[in-house]
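A.B. asks: Structure in structure tokens, see below.
The values are calculated or read from the model by the stated rules, or taken from the named source; none is laboratory data. These figures come from a predicted structure and were not determined experimentally. Positions of Cβ are generated from backbone atoms using ideal geometry, with glycine treated the same way; all protein chains shown enter the neighbour counts. For accessibility, only protein heavy atoms count, side chains too; no ligands or nucleic acids. Shrake-Rupley method; radii C 1.70, N 1.55, O 1.52, S 1.80 Å.
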Amino acid sequence: MTTTTPGANVITTRYQQTVADYWNNEKDPVNLRLGNVSGTYHHHYGIGDVDHAALQGPEETREERIVKELHRLEAAQADYLAAQLGDLGPNSRILDAGSGRGGTSFVANQLFGCHVNGISISQQQVDFANDQAKRRGVDDKVAFHFRNMLDNGFDTATFQAVWNNESTMYVDLHELFAEHARVLAPGGRYVTITGCYNDVHGRQPSRAVSQIDAHYICDIHPRSAYFAAMAANNLIPISVVDLTAATIPYWELRATSEVATGIEDAFLTAYKEGSFHYLMIAADRV
Ligand code: GPP
Ligand code: MG
């Protein structure tokens, strides 16, 4: 696996340090209990219909069944993202920008058998994910690094695919896509699944979107910003899918669960009032 020297300073602003602090301290049951279901730990939301049959059963096991079902919907989201990464094989090299506890990286490695590099500005997340790679016996192919997605330190034109699974809202999109375009090989694929606010609803984020920003210390971008920043950086969209309707069942189920964190109503309000979308965008590097 090729690794080059990352930028000398991984964390370059005080804002980035507050984000790193959040993730270094995060041990939320909504992420750890769900991850324990299969041993794959995700940091993104779910898509698809709730299987109400799977939720039938005695009251004592209700919570366990909800946790399992939420995890299944999150796994379906990761499978969906990985399926957009293009025609990859065991020799492909791919980059997970904002890799969390490694969930999507392991899904992609399992699907393609390829080399995966994940990067995060949270050392805790990097350590957790590298430990997972060892336990799974894939540390020869899947590795996580303490690096900044705006200055990732990898060689130019060396990745066949790059993705952000719900991590673009922490960075400036022009800086991000310039860096992605630098490391993507010509014809390489970029994929993001993201929450973005609806320009049609207004030029500024809605109250519910602002509540989500405050909860995660992020800065959700308008939908338009993605396409402007891609166009400026030789990333040409090939597929745009509105996953809003597909993610609402996940949030409705999560809102009824013990693992709810308090942000569920803001997501449901934002999606249902139309001020916010859950979007998949795939683009090719030219
Ligand atoms: C985290 O997932 C995702 C984000 C913090 C980015 C915000 C995403 C948007 C679509 C706006 P998580 O699994 O760590 O969050 P939670 O702890 O709420 O499950
Ligand atoms: Mg989560």
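A.B. asks: Tell me yes or no: at least one residue of the range 91-100 is among the β-branched types (Val, Ile, Thr), open to solvent by less than 30 Å² (accessible area, probe 1.4 Å) and farther than 23 Å from PHE177 by Cβ.
C.D. replies: For the range 91-100, residues among the β-branched types (Val, Ile, Thr), open to solvent by less than 30 Å² (accessible area, probe 1.4 Å) and farther than 23 Å from PHE177 by Cβ: absent.
A.B. asks: Mind counting the residues in the range 223-261 that are without any contact (Cβ under 8 Å) to a residue 60 or more places away in the chain, outside any helix (DSSP H, G or I) and either touching a Gly at 6+ places or on another chain (Cβ under 9 Å) or open to solvent by 70 Å² or more (accessible area, probe 1.4 Å) (or both)?
C.D. replies: Going through the range 223-261 one residue at a time, the tally reaches 5.
A.B. asks: Look through the range 166-208, keep the residues that are small (Gly, Ala, Ser) and within 16 Å of ligand 2 (Cβ to nearest atom), and return whichever of them is surrounded by the most Cβ atoms within 10 Å (Cβ to Cβ).
C.D. replies: Applying the filter and picking the extreme gives GLY195.
A.B. asks: When only residues in the range 211-240 that are more than 19 Å from the chain's Cα centre (by Cα) and farther than 26 Å from GLN160 by Cβ count, which is nearest to ligand 2 (Cβ to nearest atom)?
C.D. replies: Ranking the candidates gives GLN211 first.
A.B. asks: Being within 12 Å of ligand 2 (Cβ to nearest atom) and open to solvent by 10 Å² or more (accessible area, probe 1.4 Å) is the filter; apply it to the range 36-66 and report the residue that is farthest from TRP251 (Cα to Cα).
C.D. replies: Filtering first and then ranking leaves TYR41.
A.B. asks: Additional query: Tell me, please, whether a residue that is within 16 Å of ligand 1 (Cβ to nearest atom), assigned to a helix (DSSP H, G or I) and not acidic (Asp, Glu) can be found in the range 113-125.
C.D. replies: There is at least one residue in the range 113-125 that is within 16 Å of ligand 1 (Cβ to nearest atom), assigned to a helix (DSSP H, G or I) and not acidic (Asp, Glu).
A.B. asks: Examine the range 100-109 for a residue that is basic (Lys, Arg) and within 16 Å of ligand 2 (Cβ to nearest atom), and state whether such a residue exists.
C.D. replies: Among the residues of the range 100-109, at least one is basic (Lys, Arg) and within 16 Å of ligand 2 (Cβ to nearest atom), which makes the answer yes.
A.B. asks: Could you please tell me which pairs satisfy a Cβ distance under 7 Å, a separation of 6+ or placement on different chains, a first residue in the range 21-47 that is among the β-branched types (Val, Ile, Thr), and a second residue that is within 7 Å of ligand 1 (Cβ to nearest atom) and open to solvent by less than 60 Å² (accessible area, probe 1.4 Å)?
C.D. replies: Once the first residue is among the β-branched types (Val, Ile, Thr) and sits in the range 21-47, its partners that are within 7 Å of ligand 1 (Cβ to nearest atom) and open to solvent by less than 60 Å² (accessible area, probe 1.4 Å) give VAL30/THR261.
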